[in-house]
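Structure first, commentary second.
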Amino acid sequence: MVLKLSGEALAAGRGFGVDVTKIHEIAGEIAEVHKLGVEIAIVVGGGNFFRGVAEQAKHMDRVSADNMGMLATVINALAIQDALEKRGVFCRVMSAIEMNQVCEPYIRRRAVRHLEKGRIVIFAAGTGNPYFSTDTAASLRAMEIKADVLLKATKVDGIYDSDPVINKEAVKFDEITYMEILRLGLKVMDATAVSLCKDNNLPMIIFDMNQPGNIQRVICEEKIGSLVTA
């Protein structure tokens with residue numbers, strides 16, 4: 001499976017930086033799922049440090065801003081790796097941008113081999129290209145390693161027809177197709193990521209990260225969150 005974590009999830013509501021307590025909580029949940037024998041790859045965002053489309057980047061060249069965002073994901077990936085290794089879980093960070101002193105370069109066959117050996121692989125630096133989000137990177141890496149499912153951990157408990165924080169009458173979808181997401185213009189993932197999953201029949205589950213134990217519940221096929229299929 002591929003687990004997509006947002007940078008904001010690691011900031012635990014502080015908005016900026018890394019909340020060490022939260023990272024260790026998340027690492028603990030991932031380690032418990034790993035004990036079940038599940039092959040786990042993680043794609044992490046960088047929004048808790050910098051994102052190319054954010055307010056602080058509006059006067060910057062988009063390519064430079066996106067490159068900064070990709071470097072932010074590497075910081076998060078190293079923090080997750082550290083927390084997992086403190087729990088005795090073997091872990092590798094693989095970056096789409098080469099930085100050999102810090103982590104391995106992303107090579108698909110090597111990533112698959114790490115997973116086969118029972119290591120957790122964290123994919124950093126997005127796709128290595130500007131104009132592509134880490135959601136697209138998650139879809140792409142899931143396809144490349146032939147993952148069975150893409151799990152997207154968010155701050156809401158599924159997909160709604162409008163923002164449930166703003167609209168208390170928002171209706172939740174237990175199941176929805178990628179085509180409906182595109183047709184309704186729902187802001188679940190960007191359109192590139194959604195199209196990639198749709199074209200390759202990759203199921204995705206959107207669930208609430210703030211509920212302890214939810215990663216394991218999803219893996220054990222409990223009905224939580226929203227299931228997206230082609």
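What ranking do 25-32, 130-137 get when scored by the average of other Cβ atoms within 10 Å per residue, highest first? Write out the running numbers ahead of the final one.
Numbers: 25-32: 19.0, 130-137: 21.6.
Ranked by mean Cβ neighbours within 10 Å, highest first: 130-137, 25-32.
Can you give the local net charge around Leu202? Use residues other than it whose beta-carbon is closer than 14 angstrom to its beta-carbon, Lys and Arg +1, Asp and Glu -1. Don't jump to the answer; show the numbers that get you there.
On the way: positive: Lys4, Arg141, Lys146, Lys152, Lys198; negative: Asp135, Glu144, Asp148, Asp199.
In short, +1.
What is the Cα centroid distance between the stretch 134-212 and the stretch 25-48, reported in whole angstrom?
The distance from the Cα centre of the stretch 134-212 to that of the stretch 25-48 comes to 18 Å.
Taking 0.36 nm per intervening residue step and subtracting the Cα-Cα distance, what contour gain separates Ser162 from Asp148 on full extension?
That pair, Ser162 and Asp148, stretches by 2.2 nm at full extension.
If you put +1 on each Lys and Arg Cβ and -1 on each Asp and Glu Cβ, how big is the dipole of the chain around its Cα centre, in Debye rounded to 20?
Working: 27 positive and 29 negative charges, 106 e Å.
Using only the charged Cβ atoms, the result is roughly 500 debye.
Could you point to the residue in Ile30, Gln81, Val188 farthest towards the positive end of the chain's charge dipole, with +1 and -1 charges on the Cβ of Lys/Arg and Asp/Glu respectively?
Looking along the dipole axis, the top candidate is Gln81.
For the chain, calculate the relative contact order in percent as a whole number, restricting contacts to Cα pairs under 8 Å that are 6 or more residues apart. Don't jump to the answer; show the numbers that get you there.
Details: 449 pairs, mean separation 47.6, N = 230.
Worked out over the chain, it gives 21 percent.
Filter the cross-link list Lys152/Lys223; Lys146/Lys172; Lys168/Lys198; Lys35/Lys198; Lys35/Lys86; Lys4/Lys86 down to pairs whose alpha-carbon distance in this structure exceeds 19 Å. Intermediate values should be presented prior to the final figure.
Numbers: Lys152/Lys223 15 Å; Lys146/Lys172 29 Å; Lys168/Lys198 30 Å; Lys35/Lys198 31 Å; Lys35/Lys86 15 Å; Lys4/Lys86 21 Å.
Checking Cα-Cα distances, Lys146/Lys172; Lys168/Lys198; Lys35/Lys198; Lys4/Lys86 exceed 19 Å.
Bear in mind these aren't lab numbers, they're just calculated from the coordinates by the rules spelled out. Small disclaimer: the values here were computed from a predicted structure and weren't measured. When we count neighbours, we look across all protein chains shown, and the Cβ atoms used for this are built from the backbone with ideal geometry, even at glycine.
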